[in-house]
There are 2 protein chains.
Amino acid sequence: MRIEIVAVGTELLLGQIADTNSAWLGEQLALAGVDSHFHQAVGDNQARIVLALRTALARGDGVVVCGGLGPTHDDITREAIAEVMHVPLVRDEAIVERIAGLFSSRGREMPASNGRQADVPAGAEPIAQQLGTAPGLVCPVGNKVVYALPGVPYEMQEMFTRAVLPDLRRRMGQAGETGTIVSRVVKTWGLSESGLGELLAPRIEALDAGGSNPTIALLASGIEGIKVRITAKATDAPAAAAMLEAEEADVRALVGDHVFGVDDETMESAVATLLSLDGHSLALAESVTGGLVAARLVNVPGASSWFRGGVVSYASAVKHEVLGVPEGPVVSEAAARAMAEGARRVLQADVGLAVTGVAGPEEQDGRRPGTVVVGLAIGEAPSEAVVLHLPGDRDRVRQYSAISALDLLRRRLLAAGER
Amino acid sequence: MRIEIVAVGTELLLGQIADTNSAWLGEQLALAGVDSHFHQAVGDNQARIVLALRTALARGDGVVVCGGLGPTHDDITREAIAEVMHVPLVRDEAIVERIAGLFSSRGREMPASNGRQADVPAGAEPIAQQLGTAPGLVCPVGNKVVYALPGVPYEMQEMFTRAVLPDLRRRMGQAGETGTIVSRVVKTWGLSESGLGELLAPRIEALDAGGSNPTIALLASGIEGIKVRITAKATDAPAAAAMLEAEEADVRALVGDHVFGVDDETMESAVATLLSLDGHSLALAESVTGGLVAARLVNVPGASSWFRGGVVSYASAVKHEVLGVPEGPVVSEAAARAMAEGARRVLQADVGLAVTGVAGPEEQDGRRPGTVVVGLAIGEAPSEAVVLHLPGDRDRVRQYSAISALDLLRRRLLAAGER
């Protein structure tokens, strides 16, 4: 079963809102084992909505169209569907009564324009509205189908789950299709996309040769590292979950400790888990990152049990006077070590992590933009400093610096715990 | 000129990432006066990318296709375009050299797979890569055009602005299309969408009655306040700019000092301008915001001339011991004032700004989640504290706290300077 998603609304084309409905629907269809090969967005124009629907029906077995069911004159999805079905719109008095009831329950009179929401293409089945005034529609087009849903996300989601998904399942059963598609994202840091691709190449080739189930794909998401998406098809959810589990183990065996988490896990949650296991508290000294590392860490629930705080030592004098960094260049190994030790001392923590560097565009202390030094002081071991050369403009250097510093801490905590 | 956007990536169809590229491109095309009637998203499958491109070319004058230019085996946008053009791919040795240079500048060898990124459909013009390894492509298809851009947002945006937009402008000039649509966004803080709507209602009615040029629209963008978008159509850029200028003045007259900036101006850049005018230096003490205020401020170019730094006093003990906050509840007016004074003293600045509060989900010091106290110490005046009650979950409370604190500082600096 191939279902295309069509999102209706000029505001989507103009970029005034991001199309989160299509993302949500795409995920739900995949989880239900329905293929969705194309999404479209189209403005509030009847001829173009008709063209988008016809294009979608030609490419697949059906369409979920989302938006354009409101009461105003630019809500014309109903008219477009009727044109595609070659039928007239017929006002459904039961729906009118239900809309009027919604208004009167709020002590208001139904405006006349809301009557339009009760117009149904002849031959279509309404999906009763429960959260808003717009009913949905199940519209047969030959042996294919158009599902129309409101654009308000929570109304759309409720109606999809209550009415569209069961109808899709029924159609798939008739067509003899069953099964589910699930996926998991394994997150890595420290490898280029091509470097990671080379590590995984033997596994990808083996999967391709073995029928491409599960599949592996690489996703470069910019600042947060390279992701490996594993997708598995199976007859039921437990079987699919077992395939993901086995494949994740294979990926981890090839990629090693470059993997810092899966799905919703983040670099900061990985660090938090290791600090909590060891009972360590953490203090920061941030210069080039200006508070970014701290802001990431406090997003982890329960951060107050291991995070003491930090010093944003943006001016050099603050490094010397507050953190006790010796006079001299502040983008240096010596300064980064002193910052980490200073943060640990001033904020009374077990672990000190420091970041100093040059975000650019100008040089500093004779070091090029993108030069960043991470300092780290853990337990009784001597403090250390690692020099990085990071690409990009000011903002990217800063973002890369923050995640690089957290990754260094993660690796050292892993090694210290012999995990 | 009608340009369709095609976003390539199975992760878009599966809802694993939202398609922010299409939203950004849609806005840029609208600003340039280019119609964009349809967007499509399609997975990493050559036949389907070809179908999406042919559909788009049939409906319009050209396509911006985004994504699928990476080095891995599922990056097949180049192959799909060559199929649409009915030409072979030819490896461009100048591009190979440039990619190899990018790797060697980071001290690494170019993996063989990156060579694929130098494959160009015969007859297409590469757009030189500057931020990543993937070049873009300008591909003529009859008298229409396919622009291929990488999917990484900052690479895509840089390449669109540098190469695609000028090429589109040239084509529009040849087609005899003139006129320009420009818009300006006036940013406000401290009003609800309906409150702002009431202030602007007389102006919006006058514009509607006068032919709707310029137009005014309100955009609620979540954390960064409510925006007023002014859009003007005119025969040339200077005429359109003059219309924007006049309308911005009208909007400012109605909305007053709730306006903190226009277009790329941010709350932090507004604060930076005022601090620089007064020759003041700033120090922060952040608890609930955990470094977010500092991270915003260091994004302003030249921050080092007025930003000393901050203390992220996440643990209560850090507030007492480092900042000298007296014992007692730390989410209080007294604590916020003491934090602001302590930050100013410890970091030797003229102005101290502090944020303490409860992000939730639990209460703290008997105060509900969303309770935030901003402390401020400027010059010789007594320090002050303002209590806010902010909506949302942990992350939103933190984000609102950061911008609210900066807005308070902005208003006090405005008042102190009698501006």
Discussion item. With the condition being more than 14 Å from chain A (Cβ to nearest Cβ) and not charged (D, E, K, R), I'd like the strands (runs of 3 or more DSSP E) fully within the stretch B:220-311 carrying at least 2 qualifying residues.
Written reply: B:226-234, B:259-262
Worksheet item: Out of all the residues in the stretch B:55-79, which are hydroxyl-bearing (Ser, Thr, Tyr) and either away from chain A (no Cβ under 11 Å) or more than 27 Å from A:LYS227 (Cα to Cα) (or both)?
Response: B:THR55, B:THR77
Practice prompt. With the checklist (1) within 14 Å of chain B (Cβ to nearest Cβ); (2) within 24 Å of the chain's Cα centre (by Cα) in hand, flag the one item A:ASP208 doesn't pass.
Written response: (2)
Item to complete: Please work out if B:PRO391 is outside any strand (DSSP E or B), farther than 23 Å from B:LEU191 by Cβ and free of Cβ contacts under 8 Å to residues at least 60 places away in the same chain.
Response: no
Practice prompt. Only residues that are charged (D, E, K, R) and surrounded by fewer than 16 Cβ atoms within 10 Å (Cβ to Cβ): list them for the stretch B:382-395, please.
Written response: B:ASP393, B:ASP395
Practice prompt. Give the residue, chosen from B:LEU102, B:LEU51, B:LEU29, B:LEU69, that is surrounded by 24 or more Cβ atoms within 10 Å (Cβ to Cβ) and assigned to a helix (DSSP H, G or I).
Written response: B:LEU29
Practice prompt. Give the number of residues within the stretch A:304-351 that are touching a helix residue (DSSP H, G or I) at 6+ places or on another chain (Cβ under 6 Å) and within 21 Å of A:LEU414 (Cβ to Cβ).
Written response: 2
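Any chance the stretch B:397-418 includes a residue that's over 26 Å from the mean Cα position of the chain (by Cα), part of a loop (DSSP other than H, G, I, E, B) and either more than 13 Å from chain A (Cβ to nearest Cβ) or free of Cβ contacts under 8 Å to residues at least 60 places away in the same chain (or both)? It would help to see each step written out before you state the result.
Narrowing the stretch B:397-418 to residues over 26 Å from the mean Cα position of the chain (by Cα): B:412, B:415-418.
Remaining after also requiring part of a loop (DSSP other than H, G, I, E, B): B:417-418.
Those left that are additionally either more than 13 Å from chain A (Cβ to nearest Cβ) or free of Cβ contacts under 8 Å to residues at least 60 places away in the same chain (or both): B:417-418.
Yes; the residues of the stretch B:397-418 include at least one that is over 26 Å from the mean Cα position of the chain (by Cα), part of a loop (DSSP other than H, G, I, E, B) and either more than 13 Å from chain A (Cβ to nearest Cβ) or free of Cβ contacts under 8 Å to residues at least 60 places away in the same chain (or both).
One line per residue, one yes/no per condition, for (1) at pLDDT 90 or above; (2) hydroxyl-bearing (Ser, Thr, Tyr):
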position	(1), (2)
A:TYR147	yes, yes
A:GLY190	yes, no
A:LEU196	yes, no
A:THR231	no, yes
A:ALA241	yes, no
A:ASP250	yes, no
Practice prompt. Answer with yes or no whether B:GLY360 is on the phi > 0 side of the Ramachandran plot and within 14 Å of another protein chain (Cβ to nearest Cβ).
Written response: yes
Worksheet item: Do you know which residues across the stretch B:350-383 are under 20 Å from B:LEU282 (Cβ atoms) and over 30 Å from the mean Cα position of the chain (by Cα)?
Response: B:ASP350, B:ALA377, B:ILE378, B:GLY379, B:GLU380, B:ALA381, B:PRO382, B:SER383
Response to the item:
Scanning the stretch B:2-54 residue by residue, the ones that are within 7 Å of chain A (Cβ to nearest Cβ) and on the phi > 0 side of the Ramachandran plot total 1
Worksheet item: Within the stretch A:93-114, can you find the residues that are free of Cβ contacts under 8 Å to residues at least 40 places away in the same chain and of a type outside the set (A, V, I, L, M, F, W, C)?
Response: A:GLU93, A:GLU97, A:ARG98, A:GLY101, A:SER104, A:SER105, A:ARG106, A:GLY107, A:ARG108, A:GLU109
Worksheet entry | Residue count, the stretch A:312-346 (criterion: on the phi < 0 side of the Ramachandran plot and assigned to a loop (DSSP other than H, G, I, E, B)) | 10
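The values are calculated or read from the model by the stated rules, or taken from the named source; none is laboratory data. This is a predicted model, so every value here is computed, not measured. Positions of Cβ are generated from backbone atoms using ideal geometry, with glycine treated the same way; all protein chains shown enter the neighbour counts.
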